[in-house]
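Chemist: Just passing along the structure, written as structure tokens.
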Amino acid sequence: MSLLPAFWDSSALIPLCVQQNQTERATALFADHGVVVWWSTPIEIVSGLTRLLRMREIGPDDFQAGKQLAQIIARTWRLVEPSEQIAHQARVLLELYPLSAADAAQLAAALEWCEGNPKGDVFLTFDQRLREAAGLAGFTLE
């Protein structure tokens, strides 16, 4: 059986790499959904893991293991490459929703993935502002 693809924000992927409050939920979502990501997601995952290490929420061993798990997950995901169309869409989204530039790019990439028709497509994030914007844009949220 093939997994239903979903667009994943790094906030939903990091709990797959290191133990966090959302790990159980992220694991359940991973069991049900294939992974589609924006091209900067690998950078964002390392950024998030580094932040957790600096805040001493994880140790050096967990950091290394988390990076290795991220690489394993990356072998299965579909990557949405940057384009001028995505950059344009991100600028439009910044005027519509209270998002950071990075989150607007994520949402624009997700819209590119679904060819501008998000109805029935799943967007996974644990970031509340991005989640709200994705829902308003028409994505299914889980």
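Any read-out appearing in this document is the output of simple, stated calculations on the displayed coordinates, not a laboratory observation. Just so it is clear, the structure is predicted and the values come from calculations on it, not from any experiment. Positions of Cβ are generated from backbone atoms using ideal geometry, with glycine treated the same way; all protein chains shown enter the neighbour counts.
Chemist: Any chance you could run the full-extension gain for Trp77 through Glu24? It's 0.36 nm times the residue separation minus the Cα-Cα distance, nm to one decimal.
Modeler: Details: separation 53, 0.36 × 53 = 19.08 nm, distance 1.99 nm.
Separation in residues times 0.36 nm, less the Cα-Cα distance, equals 17.1 nm.
Chemist: Taking 25 °C and 0.890 mPa s as the conditions, I'd like the Stokes-Einstein D for region 84-141 in µm²/s, using the Kirkwood hydrodynamic radius from alpha carbon pairs.
Modeler: 224 µm²/s
Chemist: If you don't mind, another one. Note the listed values (1) 14.6, 42; (2) 15.8, 48; (3) 13.7, 42, then indicate which one is Rg and Dmax of the Cα atoms in Å calculated from this particular structure.
Modeler: Label (1) holds the value from this structure.
Chemist: Could the peptides 72-78, 108-114 be put in order, highest first, of the mean number of other beta-carbon atoms found within 10 Å of their residues?
Modeler: 108-114, 72-78
Chemist: Using alpha carbons only, how many degrees (0 to 90, rounded to 10) separate the axis of helix 41-54 from the longest principal axis of the chain?
Modeler: Tilt relative to the chain: about 40 degrees.
Chemist: Determine, for each peptide in 32-43, 88-99, the mean count of other beta carbons within 10 angstrom over its residues, then list the peptides with the highest first.
Modeler: Per-residue mean Cβ counts within 10 Å order the peptides as 32-43, 88-99.
Chemist: So, one more: Sort out for me the Cα centre separation of region 20-40 from region 98-142, rounded to whole Å.
Modeler: That distance is 15 Å.
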